[in-house]
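Read the structure below first, then the notes.
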Amino acid sequence: MEQNYEEILKQNRAKLISLRDISPQYIKQSDKDGFTQHTQINPENGLNINRIEFNANINIDVFYAFVSDSTRTAELDSTYQGKVLKQINENVAIFYAYGKSPIFLLDARDLVFLRENIILEDGTILVQNKSIEYPDCPPIKGIERADMLFQGWFIKKTGPNSINAINIGNMDPKGYIPKAILNQGHKIQLKRAQQIIAYLSGLKQ
């Protein structure tokens, strides 16, 4: 793997792990239907860091297969397009994603990001994502390129067909949008996590 990618992944992984546990900086936003959501402001950009945790009766392989493959988001969102730009190795790839934003008055955005799937020392699976610049896929005229500062899924098996999952992310969609509006995006992220579980629960496992 190219050295710069290794360093990006190392730093991103450390950032996500530092945010995994609930600290005093987190503010509880909701605790309903088995989904608990906390946020805290990222001092680097003034935008919410979003943390969602839930337990679900889903086979870990089924859940992992979905969240580790960004092309499958299209199964939930018909406006979404995703593709692998480069498979670096078995566990690391560069993805491109494009989709219409669910935030009112926000135009479609695209992303180019690095993805790593790794098993941590405690046996938890981490699927981590981080925006990068990729010369083979420069910004497209007329499409705002969002910045995924960090995003990740911590997935732990709790039974033969059950998991505990934690999703952490900090996204800057770019463009001229008031932060007060952007910081309501945590509600959309919670809805997406709920959609994933509802969708996967309907699949044969």
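Can you tell me the length gained on complete extension of the stretch Glu90 to Ser78, counting 0.36 nm per residue apart and subtracting the Cα distance?
Fully extending the segment from Glu90 to Ser78 adds 1.5 nm.
Place a +1 charge on the Cβ of each Lys and Arg in the chain and a -1 charge on the Cβ of each Asp and Glu, then give the dipole magnitude about the Cα centre in debye, rounded to the nearest 20.
For the chain, the charge dipole is close to 520 debye.
Over the chain, what is the percentage of antiparallel beta bridges among all DSSP beta bridges, to the nearest 5?
Restricted to the chain, the bridges split so that about 95 percent are antiparallel.
Can you send over the carbon and sulfur percentage of the accessible area for the chain, probe radius 1.4 Å, protein chains only?
52
For the pair Glu121 and Lys187, what calculated FRET efficiency results from E = 1/(1 + (r/R0)^6), where r is the Cβ-Cβ distance and R0 = 35 Å, to the nearest 0.05?
Calculated value: 0.55.
Can you give the FRET efficiency for Thr158 and Asp136, using 1/(1 + (r/R0)^6), R0 = 30 Å, r = Cβ-Cβ distance, to the nearest 0.05?
Efficiency, rounded to the nearest 0.05: 0.15.
Remind me, relative contact order of the chain in percent, using alpha carbon pairs under 8 angstrom and six or more residues apart?
Worked out over the chain, it gives 22 percent.
Per 0.36 nm of contour for each residue apart, how much would the distance between Ala65 and Gln11 grow if the chain were fully extended, relative to their Cα-Cα spacing?
17.0 nm
For segment 62-131, what is Rg from Cα atoms divided by 2.2 N^0.38 Å, rounded to two decimals?
1.21
Scale the Cα Rg of the chain by the rule-of-thumb value 2.2 N^0.38 Å and send over the ratio, two decimals.
For the chain, the normalised Cα radius of gyration comes out at 0.98.
Pick from Ile163, Ile52, Ile140: which residue has the top mean-square fluctuation in a GNM of the chain where Cα pairs under 10 Å get a spring?
Judging by the Gaussian network model, the answer is Ile140.
I'd like to check one number: the per residue accessible area of the chain, probe 1.4 Å, reported in Å² as a whole number.
Computed with neighbouring chains in place, this is 54 Å² per residue.
Through the Karplus equation 6.51 cos²θ - 1.76 cosθ + 1.60, θ set to phi - 60°, convert the phi angles of segment 122-128 into ³J(HN,Hα) values in whole Hz; use x for Gly and Pro.
Here the 3J(HN,Hα) series is 8, x, 6, 8, 10, 9, 10 Hz.
When the chain is fully extended, how far beyond the present Cα-Cα distance does Tyr98 get from Lys32, taking 0.36 nm per residue of separation?
The Tyr98-Lys32 span can extend by a further 20.7 nm.
Just name one of Ala14, Phe35, Asn170: the one whose Cα is farthest towards the positive end of the charge dipole of the chain (beta-carbon charges, Lys/Arg +1, Asp/Glu -1).
Phe35
Provide the solvent-accessible area of Ser78, counting protein heavy atoms only and rolling a 1.4 Å probe, rounded to the nearest 10 Å².
120
The values are calculated or read from the model by the stated rules, or taken from the named source; none is laboratory data. These figures come from a predicted structure and were not determined experimentally. Note: ideal-geometry Cβ built from the backbone for every residue, glycine included; neighbour counts use all protein chains shown. Please note that ligands, DNA and RNA were not included when accessible areas were found on the heavy atoms of the full protein model with its side chains. Shrake-Rupley method; radii C 1.70, N 1.55, O 1.52, S 1.80 Å.
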